[in-house]
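The next block holds one structure in the form of structure tokens; read it before the comments.
The values are calculated or read from the model by the stated rules, or taken from the named source; none is laboratory data. Everything quoted here is computed from the prediction, not taken from an experiment. Backbone-built Cβ (ideal geometry, glycine too); neighbour counts: all protein chains shown. The accessibility values were calculated without ligands, DNA or RNA, using every heavy atom of the protein model including side chains. Shrake-Rupley method; radii C 1.70, N 1.55, O 1.52, S 1.80 Å.
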Amino acid sequence: MVNSLEVVHDEIHATLPKENWWGKNYVCQINGFWFLPKFVPNTIRVLSEFKPLPNDVILGSFPKTGTTWLKSLVFSIINRSSEESLVKHNPHDLVPTLEVQVFGTTDQSSPITTLEDSTRIYSTHIPYQLLGNTFDSSKCRVIYITRNPKDTLVSMWHFTNKWKDADQDGLWHLEEAIEKFCSGIFPGGPYYDHVMGFKKASLEKPKNIFFITYEELMKDTNIHVKKLAEFLGCPFKNEEEVDEIVKNCSFDILSNHEVNKSGDFPCWFQVPYNTFFRKGAVGDHKNYLDAMTVERIDVLTRDKFHGSGFMYGI
């Protein structure tokens, strides 16, 4: 018997532009952005069904730009004394992704119902160009994190080669990853368009959209955690509270929890939990990209970022 939901998925995929990005694996294009096929129906459900509440907090990001860390920090800021939750649960289970977990159910009814006065925290890799009207409809708060393009590329390359499919399809070679990243044919891509969508929106709507770079957060974690708390309307009473959250959400502490060292695969994605904690270092691309590749990406960065007044990424 044919699953009717599978038929709908196949029909959706058949109508969308497609490009290969890794071996035989392809991505589908929705309004200029590329998505993994398995998340296309979920993404369409988010765009058509998600109705954020004014108290909702949405964490936006391009893949592999600091999402895991941001989830742990924001969850801890909103839910004080949440150390036990961080010990027992991976940050991606504490803050589910709209197009992966929340709307990833086969139940076609709305999967989320919550009291009006509660704070729901979700994340998404869907670009602002697609979700902006949805955010604006409720005045919910959005926090977006970005990361140096070269480190983002290298992190995604490592991450992809930990997927279940890597054994079957062969490793994603770095040269191919570089080509696809620069062309924009990359899960979530084009990277530069994704970042600039949220950057421009944050300048226009600073009360509703908080934009931060991974490097800023790494350099002055305490300062930016306090800014995040103020943006979220729950400022800290003393410095000790800030220190505790920064410590509990540090890479060393989080990566040593058993749940985050686990080789088990979550039900919602094809990588083990321990894959979300590799290095988290700033400048790791220097260990993998040659001078010619660095300059090639920097040329793109000057054009896409610096040319738009966003002096970042080099």
Exercise. What full-extension length gain, to one decimal in nm, is calculated for GLU240 and ASN79 as 0.36 nm per residue of separation minus the Cα-Cα distance?
Worked result: 56.4 nm
For this session: Restricting things to alpha carbons, find the Rg to Rh ratio for segment 265-314 using the Kirkwood radius for Rh.
Result: 1.17
Problem set entry | Top positive-direction residue, dipole computed over segment 121-199 with Cβ charges, set MET196, TYR144, TRP172 | TYR144
For this session: First select every other residue whose beta carbon is under 14 angstrom from the beta carbon of ASP136; then total the charges, Lys and Arg +1, Asp and Glu -1.
Result: +4
Seminar exercise, completed: antiparallel share of DSSP beta bridges within the chain, to nearest 5, in %, is 30
Exercise. What order do HIS194, HIS89, HIS173 take when sorted by accessible area (1.4 Å probe), most exposed first?
Worked result: HIS173, HIS89, HIS194
Exercise. Just ASN238, ASN260, ASN148 to compare: in a GNM of the chain, with alpha carbon springs under 10 Å, which one fluctuates most?
Worked result: ASN238
Exercise. Can you give the accessible area per residue of the chain, in Å², using a 1.4 Å probe?
Worked result: 47
For this session: Towards the positive end of the charge dipole of the chain, with charges on Cβ (+1 Lys, Arg; -1 Asp, Glu), say which of PHE305, TYR214, THR15 has the farthest Cα.
Result: PHE305
Seminar exercise, completed: One checks the Cα atoms of the chain and finds Rg and Dmax, in Å, of 19.0, 61
Exercise. Of all the accessible heavy-atom surface of the chain, with the other protein chains kept in place and a 1.4 Å probe, what percent is carbon and sulfur?
Worked result: 51
Exercise. Taking the Cα-to-Cβ direction at ASN133 and at GLU216 and moving 7 Å from each Cα, how far apart do the two end points lie in nm?
Worked result: 2.9
Problem set entry | the chain: DSSP helices with Cα axial extent of at least 18 Å and average Kyte-Doolittle hydropathy no lower than -0.5 | 291-304
Seminar exercise, completed: Rounded to the nearest 500, the 222 nm mean residue ellipticity computed for the chain from DSSP H runs (n ≥ 4, each -39500 (n - 2.57)) alone is -13000 deg cm²/dmol
For this session: Report the accessible area of CYS234, computed with a 1.4 Å probe over the heavy atoms of all protein chains in place, in Å² rounded to the nearest 10.
Result: 40
Seminar exercise, completed: Comparing VAL102, VAL40, VAL299 in a Gaussian network model of the chain (Cα, 10 Å), the one with the largest mean-square fluctuation is VAL299
For this session: Indicate the gyration tensor shape class of segment 196-274 (rounded, prolate or oblate), computed on the Cα atoms with a ≥ b ≥ c the square roots of the eigenvalues: a/c under 1.5 is rounded; otherwise a/b larger than b/c is prolate and the rest oblate.
Result: oblate
Problem set entry | Percent RCO, i.e. relative contact order, over the chain, from Cα pairs under 8 Å lying at least 6 residues apart | 23
Exercise. How much length is gained if the chain between ASP252 and ALA281 is pulled fully straight, taking 0.36 nm per residue apart and subtracting their Cα-Cα distance, in nm to one decimal?
Worked result: 9.3 nm
Exercise. What length, rounded to one decimal in nm, is gained on full extension from ASN274 through to GLU204, with 0.36 nm per residue of separation minus their alpha-carbon distance?
Worked result: 21.4 nm
Exercise. If LEU59, LEU171 are ordered by their accessible area, calculated over protein heavy atoms with a 1.4 Å probe, which sequence runs from highest to lowest?
Worked result: LEU171, LEU59
